[in-house]
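Quick notes on the structure that follows.
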Amino acid sequence: MNFAKTYEDCYVSFDGSNLTIGNNRIERSWEMKGEVPRSLSFRNKRMEKEWFSDPNPAGWLSVGKSASAGETIPNSGKASGTAEEPMDCTITTHTDDDFGFAVPHFVIDVELEYHSWKAIWRHIIYPGLPILRNSIILEKKSPIASDHCAGSRGKQERPGIAGMYETLFEKESNGEGYIDVLPGLPIHCKWKSVCFQDATDHHNNLVSSQEGLLYSNEKSHLSGNLLFVKDSMHEDGFLAVKEGPTPVAYQGGVTHDFEICGNNILTSGGGISAEEWRKAQTMTTYGSAVVLWEGDGEDAILALQQYHRAIHRYNPERDAFVMCNTWGDRSKSVIINEDFMRKELSLAESLRISCYQIDAGWQEGVSTVSAQGGIEGYYRSNPNYWHVNGKGFPKGLQPVAEQAKSGNMDLGLWFSPDSLDDFCNWRKDADTLVNLYREYGIKAFKLDAIHIRSKKGEENLFRMMREVTEETDGKVILNLDVTAQTRNGYYGRVQYASLFLENRYTDWHNYYPHWTLRNLWMLSGYYPTFRLQTEFLNVNRNRELYSGDALAPSVCGMEYAFAVTMFSNPLAWMTLTGLDKASRNTLERMIPIYRNYQSDILSGIVLPIGEEPSGTGWTGFQSITGDGKGYLLILKERNDGERHSYALWKMKDREIKLHRLMGQGEDRMAKTDGAGRMEFCLTGNFQYALYAYEKVTES
């Protein structure tokens, strides 16, 4: 079988033996003979560099047979027992843009057919970008009895498949199955893995890293979504991405994301257990990707940011906003009614809030905690659970929706997808959100109280988000809460969502502006900040709980608390009617000015500058919007200094013009040195300056 297709500069070819996928920047090839595809080549085409030096190619997917029943099962990694060769291999292609969220791309499906099941090995490649992604979709040929939702249709049927085996993906002696392999790399390579934490109610250190060298006799298991690899002998490298959740949400017995075995790198763990596969008709593994980069460490980070923007393109109408949510003052649902919301919306309009989100309390149902520890079973407890609360809103949401619209605001709502039985009610959830959008124009849904217990649950949740996106033409913002329980993290299938990053409360003494700033700063190097919501609170609430604390929210002040969130999507985590006059005046002055620049700031690549926030240093952000232009946010925490030197990204030996937009500082000309450093001056504690910058062109 010979096959060849192209899309712009992207291509796939298959000559019956070798499969090749690439574009003008990146190319990979595999040998397809036998029972297992084997990695042959990984090329940086612009540098004419081959990354694989080992002449013996390595396989990544094989098929074994259960000794007890002769049952064919898929397993990743080295097969044990008898291996089965595919009966057929077919290739299909199509183009897609994921409902407008992604850069238009070329999708190549390599279908490997076995006796009782098939694997669709899906590759995604983008024109002109050095990015290649893949995942594996497993499908049984014969239909199995459908799972029914125990909460709505009685007892579930859970038929099994004859045969016993320990795990869907074959595990080796000290590791586990893998979904991609990069074999025979140059021995003189450095690596750095980056691991993330969500469940931020319980974690306040969200990013950690580990570094090392390749060593022929060493085997390392690494947790983390990112693995940077640099060739020590050349100025280039690649990034391996594990497209899955953080370690707290691994499914299917996964224990790590990467294995480094000598000079071979394996992306580990598909997330599907043998038990789940027995009951499933189709399942999709976690994904993996490779991204090439050339240059230094700055270029590696910029390549990662390019990867993110290929999956979720920045759209200012969707991705730049200032939101208010009612829950942050711990008033919960008891105050939610039409009269209260009318007062809140009047204040929100004067502050230029762009989206007001009503948290729990707008709905008829009352949340209860299940025996499993989650909030779920809504439709079982009350078929009208997600109807509008008639007592608080006797005319429905129409009056407040009309007021929000007249105030040039979007209206948002809190919503909790039903986690019951692996989100078996996902279609009902999708219908609920779509109907609220169509009836009231609801544009933002905070998805909360999510508890993923299996890969099936994860996939059903994704189906719900995908259907809402499709049915609303991508006009709805899904704010995915990552604060508790088991969620999809930062690199799972969350491309249709922004991330509601953290709950912090002065009532619980766990809100400090520098903690919020630090989490945003740490994430910004590895995640686009236009997809993050970061909170600022009413800093004058509960002052007595912070008595004598030099870093207390009230000491920092409202202006600084808002300023630290400006290179993300600021979240007013409060009731606006609870603000004192001085705080309202501050926000009425700041937010309109900020919104003049927000969409342009977030259109750029936002990166951390200065010191890691601690409450006592100099820190900040840089947004690169073009060659030699962008924005700078200079932040001075509590310290006695008045000057500090910052190393700026991609700004070595540049003369630039600074234009002050907000905060301290003044318009001036400045020059960076050979390390890209420039000095800034701020006086007083908890101060900031927002600048636009552009390089000076020679006449």
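Annotations
- Residue ID - nearest to GLY361 (Cα to Cα), chosen from residues in region 321-336 that are at pLDDT 95 or above and in a loop (DSSP other than H, G, I, E, B): VAL322
Quick grid of which residues meet (1) assigned to a helix (DSSP H, G or I); (2) modelled with pLDDT of 95 or more; (3) more than 30 Å from SER273 (Cα to Cα); (4) touching a Gly at 6+ places or on another chain (Cβ under 6 Å):
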| site | (1), (2), (3), (4) |
| --- | --- |
| TRP386 | no, yes, yes, no |
| PRO394 | no, yes, yes, no |
| PRO399 | yes, yes, yes, no |
| LYS405 | yes, yes, yes, no |
| LEU413 | no, yes, yes, no |
| ALA430 | yes, yes, no, no |
| GLU459 | yes, yes, no, no |
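- Qualifying residue in region 306-326 (condition: over 24 Å from TYR527 (Cβ atoms) and assigned by TED's automatic domain parsing to the domain that holds ASN389): yes
- Residue within region 443-456 that is part of a loop (DSSP other than H, G, I, E, B), touching a residue at least 24 places away in the same chain (Cβ under 8 Å) and aromatic (Phe, Trp, Tyr) present: no
- GLY665 assigned to a loop (DSSP other than H, G, I, E, B), loosely packed, with under 13 Cβ neighbours inside 10 Å and not hydroxyl-bearing (Ser, Thr, Tyr): no
- Index of the failed condition, LEU532 passing every other in (1) touching a residue at least 40 places away in the same chain (Cβ under 8 Å); (2) buried (at least 24 other Cβ atoms within 10 Å of the Cβ): (1)
- Residue within region 516-526 that is closer than 28 Å to GLY253 by Cβ, of a type in the set (Gly, Ala, Ser), touching a Ser or Thr at 6+ places or on another chain (Cβ under 9 Å) and outside any strand (DSSP E or B) present: no
- Residues in region 558-589 that are surrounded by fewer than 22 Cβ atoms within 10 Å (Cβ to Cβ) and either assigned by TED's automatic domain parsing to the domain that holds LEU690 or in a helix (DSSP H, G or I) (or both): 11 in all.
- Residues in region 12-52 that are within 13 Å of HIS123 (Cβ to Cβ) and free of Cβ contacts under 8 Å to residues at least 40 places away in the same chain: 5 in all.
- There is at least one residue in region 623-641 that is modelled with pLDDT of 95 or more, out of contact with any strand residue (DSSP E or B) (no Cβ under 6 Å at 6 or more places or on another chain) and not in a loop (DSSP other than H, G, I, E, B).
- Unique residue being at positive phi, of a type in the set (Gly, Ala, Ser) and in a loop (DSSP other than H, G, I, E, B) when the list is GLY474, GLY492: GLY474
- Answer residue from region 280-315, given it is under 16 Å from the mean Cα position of the chain (by Cα) and among the β-branched types (Val, Ile, Thr) and is surrounded by the most Cβ atoms within 10 Å (Cβ to Cβ) among those: ILE311
Residue-by-condition table, conditions (1) modelled with pLDDT of 95 or more; (2) under 30 Å from the mean Cα position of the chain (by Cα); (3) at positive phi:
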| position | (1), (2), (3) |
| --- | --- |
| ASN519 | yes, yes, no |
| LEU523 | yes, yes, no |
| PHE530 | yes, yes, no |
| GLN533 | yes, yes, no |
| ARG543 | yes, no, no |
| GLY548 | yes, no, yes |
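- Filter result (of a type in the set (Phe, Trp, Tyr), over 19 Å from the mean Cα position of the chain (by Cα) and closer than 23 Å to LEU499 by Cβ) within region 553-570: PHE562
- Counting only residues that are surrounded by fewer than 24 Cβ atoms within 10 Å (Cβ to Cβ), over 11 Å from ILE358 (Cα atoms) and in contact (Cβ under 8 Å) with a residue 24 or more places away in the chain, region 316-332 holds 7 of them.
- Condition met for ILE120 (under 28 Å from VAL468 (Cβ atoms), touching a residue at least 24 places away in the same chain (Cβ under 8 Å) and in contact with a strand residue (DSSP E or B) (Cβ under 6 Å, 6 or more places away or on another chain)): no
- Total residues in region 246-269, condition within 18 Å of the chain's Cα centre (by Cα) and under 17 Å from ASP180 (Cα atoms): 1
- Criterion: in contact with a Leu (Cβ under 6 Å, 6 or more places away or on another chain), aliphatic (A, V, I, L, M), assigned by TED's automatic domain parsing to the domain that holds LEU478 and under 19 Å from THR483 (Cβ atoms) - qualifying residue of LEU537, LEU532: LEU532
- TRP293, sole failed condition from (1) at pLDDT 95 or above; (2) aromatic (Phe, Trp, Tyr); (3) not in a strand (DSSP E or B): (3)
The values are calculated or read from the model by the stated rules, or taken from the named source; none is laboratory data. As the structure is a computational prediction, the values presented were derived from the model and not from experiment. No Cβ is skipped: glycine too gets one built from the backbone with ideal geometry, and neighbour counts run over all protein chains shown.
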